[in-house]
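S.K.: Below is a structure I'd like to ask you about.
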Amino acid sequence: MTNSTDTNRWRRFSDWDERMLRHDLFAAEDPEAGFSVFKSPYDPIAGATIKSGRIVSLDGKPEKDFDILDEFIARHHLDPDLVEEAMAMDDGEIARMLVDINVPREKLERLARGMTPAKLANVVAQLSSLEVAFAYSKMRQRKTPGNQAHVTNAKDDPLQLAADAATAAELGFDELETTMRVSSNSWANALACTVGASVGRGDALFQCSIEEAEELRIGMAGLATYAETISVYGTEKAFIDGDDTPWSKAFLTAAYASRGIKARCTSGAGAELLMGFHEKKSVLYLEARCLCVQRAMGIQGTQNGGVDGAALTASMPGGVRELMAENLIAVWLGLECASGNDARTSESEIRVGAKITPLLLAGSDLITSGQGSINKYDNTFNASLFNGEEIEEYLTLQRDFEVDGGLTPLDEERALGLRIRAVEALTAVFEELDLATVTTSMVQSVVFASGSDQTDSFTAGQVTPISEAIKNRNITAVDVVRALAKRGFRDEAENLLFMLKQRVTGDYLQTSAIFRDHKIISALNDPNDYSGPATGYRMDEKRWSDVKSVRGTLTKESVLATEALGKERFPDWLFDDGTAEPGTDRHEVVIGVSPAFGAEMHRTSAGHGLPDVINAITSGISGGGGRARLVRILHTADTSFVGLSAAKLSGSGIGIGIQSKGTAVLHRSDRLPHLNLELFSNAPLVLLDHYKQLGWNAARHTFGEAPEPVVVPFRGEALSARFHARVAILFALETEMTDPDAKPVQLTLSPTGA
Amino acid sequence: MSIKDLYPLAEKAPDRVKTPTGKSLADITLDAVLAGDVTVADLAITPEALHLQAEIALAGGRHTLAENFHRAAELVTIPQDVIMETYEMLRPGRADRKTLNAQAEVLRSTYKAELLAKFIEEAAVTYERRGIFAKRY
């Protein structure tokens, strides 16, 4: 222990210094430096003027001073027929409409087409965090929520990518996004994820994130079905540094559609700040500009909510509220929204869990724009908000709040089967297309691996020639389909062909499109129709049944089956010996046990065998100079009453009551039921030595002494979370065995008469 | 019946779409792929399908998305290298007003891409005013 007197600091602060939270940075607002969240004094006054049907000023700037964003927004986003009406409305009134269940989404979307970036930002700034989340749940585009996975690894190992892609699709991710450690491995990564995504469910969209032109080529080869790297920035200088303009990005957007590939943009608060071109504007206003540009480009959707700038934004006061507010602007503009939550914005698990919760409750087209389906160190995009390590926590949050976050608990055997199938399928494709040789030991190491630390497979350097061969030989997804079918992976070949076939109709180019059961659902045929309680998305019975079945769910049957195992270990050891009578020995300690003790139940919640517990108590009693007598109390199972009943039978007036689960009380006959001498309420923490000490104390009480009560050390464990569900089921056994009229029974440790 | 009722085309109006080679959706089967009857060239969208999707988007109140689909329809028949060349010219500091306008004219005359041509010409005006043509490397 450190010396407490050598500092004049309250040492709680030292404890707080050790928390993971202290790794996070917290930045003060400073508009001059670009650190302002919802409002900067440098943000323009919202406004727009029209002359002969043409926008001639926008947010305080005359036409001649329009930068490339203003110009693009004025010409392609703003609808001159709506501007006057929308801009004249009071910010607060529109804000109230956003949270009003009686105002339809379409009405608000229409108004947004006449609103400037500054106006949109001003309106959402009126909303509290709760209101932002609520408005989001009403305004988001597709009714059924979905989710996106990151599938990457530290070695760019294609075998692991295939296995992890199949696992991610099975978890329920609707989209799989990969990228590489080494950019020249992009084709191999894309092909591996293509094959992995064809295994099992077989209808997840997949993409490979890389430089724009290369990504389009990969998409054209069929090795990606969507793209989301069309980055947009909120100031002209940042846009130019990003090496694009709204026109070049819009051209690229049309190019994706012309090749039948789904696309979405990327933007988010803090990006301009990170790039050094923030113009002292608030991050919300700059993001509102990005989003107006995106709608103007005619892209179907966006991934926003900070993304790369999320942690920077979260470092500012109200930053997390802002991240949700910018998601809200996106859906208000009618865009599909992959709502961020794809970057670890904090080292604090509490902040991480809190960050996801509002969006999880609200639902989203894609709740994260990349959740780590792999472990943190394997995430080439950097750690996501939630990662492979934390998937079961995410699944549990879905169950806690009865919300659909897009994921489904994994069946362990099925997951392993899919991993094997995916790796074998990719091996077949590699061999069939003469791309690489895969050994059995590589396969073995990958299918069981939680992450790339555990694999003995391809290294990043070995993948490069494979990737180059795919690119140089113009291998396409159709070649992959053929290879799969030829080698007996017919289901996978069918699945991949199904995805390729989508580009003929273009159905999935429409807003918020994903596939479920090989059927498209989008904002068109599954529109969010929330208009108050019992409307909008609700899980059906089948979906809820899947969501709630997290691993290790207890049932009465499973708990009792575990308990029955104990019975075999402990053959009968407590024997009835007639009705218990009051004792006369002045140093007697009566131990009263509960109805099921040693009969139906055999271990305490700490795991001690009940014979060992009785042995500890009785040896403590005799060590303290007392004499133990065992009785079974049948009219109650409550510890206090069992203990007091025992005390009343005791010649000394001192008794101990103990339940099967190990909760014990030291009682005296003249006290009120719940005013005992000592109580072990945290049964899971009690050691046999503590029971022995309790027996010793009981004995010393019979001599009129007041021994030091036994302290069972408690370090803050969440005991009720760990034990109560099991204890409640077991305790019901005790109460079922009670009989209000039954007299206490004398017990012996050997059969009567033996 | 609204045009929106045709969506999704694959389920509601499969006869309204053909592959670029004139095949129907039902012709795209695994066996056809294995027999070599369906190739990469079949697995692509046509200008007609994109125009149809544009009409559907417009009926859903998504004017700008529809515009994008119309531009995309023009791009379908434009070769990949011309697309990449045009995209490159639209990036900052790559071209000047004259060359960008010339490229617009190529798209207009060679590929009948009127929407794209206008779009590029609009960009050229703004690029000049804002100094976007300035070389960066």
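The values are calculated or read from the model by the stated rules, or taken from the named source; none is laboratory data. Given the structure is predicted, the values throughout are model-derived calculations rather than measurements. Virtual Cβ from ideal backbone geometry, glycine too; neighbours counted across all protein chains shown. For the accessible areas, the whole protein counts, side chains as well, though only heavy atoms, and no ligand, DNA or RNA atoms are used. Shrake-Rupley method; radii C 1.70, N 1.55, O 1.52, S 1.80 Å.
S.K.: Inspect segment A:415-426 for any residue being open to solvent by less than 70 Å² (accessible area, probe 1.4 Å) and farther than 18 Å from A:Leu171 by Cβ and give the result as yes or no.
M.R.: Yes, there is a match, as at least one residue in segment A:415-426 is open to solvent by less than 70 Å² (accessible area, probe 1.4 Å) and farther than 18 Å from A:Leu171 by Cβ.
S.K.: Turning to a different aspect of this structure: Could you name every one of the helices (runs of 4 or more DSSP H) located completely within segment A:233-307 that has at least 1 residues being touching a strand residue (DSSP E or B) at 6+ places or on another chain (Cβ under 8 Å)?
M.R.: Correct list: A:246-258, A:271-275, A:283-297.
S.K.: Of the conditions (1) within 11 Å of chain B (Cβ to nearest Cβ); (2) part of a helix (DSSP H, G or I); (3) in contact (Cβ under 8 Å) with a residue 12 or more places away in the chain; (4) surrounded by 20 or more Cβ atoms within 10 Å (Cβ to Cβ), A:Ala485 clears all except one; give me its number.
M.R.: (3)
S.K.: What tally of residues in segment A:693-715 results from selecting those that are open to solvent by less than 50 Å² (accessible area, probe 1.4 Å) and either at positive phi or within 38 Å of the chain's Cα centre (by Cα) (or both)?
M.R.: Residues meeting the conditions: 1.
S.K.: Okay, next question. Are any of the residues in segment A:33-41 part of a helix (DSSP H, G or I) and either among the acidic types (Asp, Glu) or open to solvent by 90 Å² or more (accessible area, probe 1.4 Å) (or both)?
M.R.: Scanning segment A:33-41 turns up no residue that is part of a helix (DSSP H, G or I) and either among the acidic types (Asp, Glu) or open to solvent by 90 Å² or more (accessible area, probe 1.4 Å) (or both).
S.K.: While we're here: Could you check how many residues of segment B:81-94 are open to solvent by 10 Å² or more (accessible area, probe 1.4 Å) and touching a helix residue (DSSP H, G or I) at 6+ places or on another chain (Cβ under 7 Å)?
M.R.: Within segment B:81-94, residues that are open to solvent by 10 Å² or more (accessible area, probe 1.4 Å) and touching a helix residue (DSSP H, G or I) at 6+ places or on another chain (Cβ under 7 Å) number 4.
S.K.: A:Leu397 - would you say it is modelled with pLDDT of 95 or more and in a loop (DSSP other than H, G, I, E, B)?
M.R.: no
S.K.: Looking at segment A:195-218, I want the residues that are in contact (Cβ under 8 Å) with a residue 12 or more places away in the chain and have a partner that is in a loop (DSSP other than H, G, I, E, B) and open to solvent by 30 Å² or more (accessible area, probe 1.4 Å) with Cβ atoms under 6 Å, at least 6 apart or on another chain. Which pairs are those?
M.R.: Between residues of segment A:195-218 that are in contact (Cβ under 8 Å) with a residue 12 or more places away in the chain and residues that are in a loop (DSSP other than H, G, I, E, B) and open to solvent by 30 Å² or more (accessible area, probe 1.4 Å), the close pairs are A:Asp203/A:His518.
S.K.: From the set of residues in segment B:107-118 that are within 21 Å of A:Arg259 (Cα to Cα) and open to solvent by 10 Å² or more (accessible area, probe 1.4 Å), which is nearest to the other protein chains (Cβ to nearest Cβ)?
M.R.: This residue is B:Leu115.
S.K.: Picking from A:Phe641, A:Phe597, which residue would you name as being under 45 Å from the mean Cα position of the chain (by Cα) and open to solvent by 40 Å² or more (accessible area, probe 1.4 Å)?
M.R.: A:Phe641
S.K.: Answer with yes or no whether B:Thr19 is open to solvent by 50 Å² or more (accessible area, probe 1.4 Å), within 10 Å of chain A (Cβ to nearest Cβ) and not aromatic (Phe, Trp, Tyr).
M.R.: no
S.K.: How about segment A:488-518: which of its residues are more than 9 Å from every other protein chain (Cβ to nearest Cβ), under 15 Å from B:Ala10 (Cβ atoms) and open to solvent by less than 10 Å² (accessible area, probe 1.4 Å)?
M.R.: A:Met499, A:Ile514, A:Phe515
S.K.: OK, next. Can you tell me how many residues within segment B:31-78 are within 7 Å of chain A (Cβ to nearest Cβ), among the polar types (S, T, N, Q) and more than 18 Å from A:Trp247 (Cβ to Cβ)?
M.R.: Going through segment B:31-78 one residue at a time, the tally reaches 2.
S.K.: Any residue that is more than 7 Å from chain A (Cβ to nearest Cβ), in contact with a Ser or Thr (Cβ under 6 Å, 6 or more places away or on another chain) and either small (Gly, Ala, Ser) or closer than 26 Å to A:Arg217 by Cβ (or both) - is there at least one of those in segment B:90-106?
M.R.: yes
S.K.: So for segment A:491-513 (the condition being farther than 23 Å from B:Glu55 by Cα and part of a loop (DSSP other than H, G, I, E, B)), does at least one residue qualify?
M.R.: No, segment A:491-513 contains no residue that is farther than 23 Å from B:Glu55 by Cα and part of a loop (DSSP other than H, G, I, E, B).
S.K.: Considering A:Gly370, A:Gly417, A:Gly363, A:Gly405, which residue is modelled with pLDDT of 95 or more, touching a strand residue (DSSP E or B) at 6+ places or on another chain (Cβ under 7 Å) and not aromatic (Phe, Trp, Tyr)?
M.R.: A:Gly370
For (1) closer than 30 Å to A:Ser558 by Cβ; (2) out of contact with any Lys or Arg (no Cβ under 9 Å at 6 or more places or on another chain); (3) not hydrophobic (A, V, I, L, M, F, W, C), each residue gets a yes or a no:
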site: A:Ser645; (1), (2), (3): no, yes, yes
site: A:Gly657; (1), (2), (3): yes, yes, yes
site: A:Ala664; (1), (2), (3): yes, yes, no
site: A:Leu675; (1), (2), (3): no, yes, no
site: A:Glu678; (1), (2), (3): no, yes, yes
site: A:Leu685; (1), (2), (3): yes, no, no
site: A:Tyr691; (1), (2), (3): yes, yes, yes
site: A:Ala698; (1), (2), (3): no, yes, no
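S.K.: Something else about it: Which pairs do you get when a residue that is closer than 21 Å to A:Thr313 by Cα, found in segment A:352-366, comes within reach of a residue that is β-branched (Val, Ile, Thr) and open to solvent by 10 Å² or more (accessible area, probe 1.4 Å), reach meaning Cβ atoms under 7 angstrom, with the pair 6+ apart or on two chains?
M.R.: Correct list of pairs: A:Lys355/A:Val320; A:Lys355/A:Thr345; A:Leu360/A:Val403.
S.K.: So, one more: Take segment A:232-280 and flag every residue that is polar (S, T, N, Q) and within 13 Å of chain B (Cβ to nearest Cβ).
M.R.: A:Thr235, A:Thr245, A:Ser248, A:Thr253, A:Ser258
S.K.: If you don't mind, another one. Are any residues in segment A:303-360 of a type in the set (Ser, Thr, Tyr), touching a Lys or Arg at 6+ places or on another chain (Cβ under 9 Å) and open to solvent by 10 Å² or more (accessible area, probe 1.4 Å), and if so, which ones?
M.R.: A:Thr345, A:Ser348
S.K.: Restricting to segment A:97-113, what's the tally of residues that are assigned to a helix (DSSP H, G or I) and surrounded by fewer than 16 Cβ atoms within 10 Å (Cβ to Cβ)?
M.R.: Matching residues across segment A:97-113 total 2.
S.K.: Return the total of residues in segment A:519-537 being of a type in the set (A, V, I, L, M), within 12 Å of chain B (Cβ to nearest Cβ) and more than 24 Å from the chain's Cα centre (by Cα).
M.R.: The qualifying residues number 3.
S.K.: While we're on this one: Among the listed residues A:Val56, A:Val83, A:Val132, identify the single one that is assigned to a helix (DSSP H, G or I) and either in contact with a helix residue (DSSP H, G or I) (Cβ under 8 Å, 6 or more places away or on another chain) or among the hydroxyl-bearing types (Ser, Thr, Tyr) (or both).
M.R.: After ruling out the rest, the residue left standing is A:Val132.
S.K.: Would you mind stating whether A:Glu228 is open to solvent by less than 10 Å² (accessible area, probe 1.4 Å), among the acidic types (Asp, Glu) and farther than 29 Å from A:Val37 by Cβ?
M.R.: no
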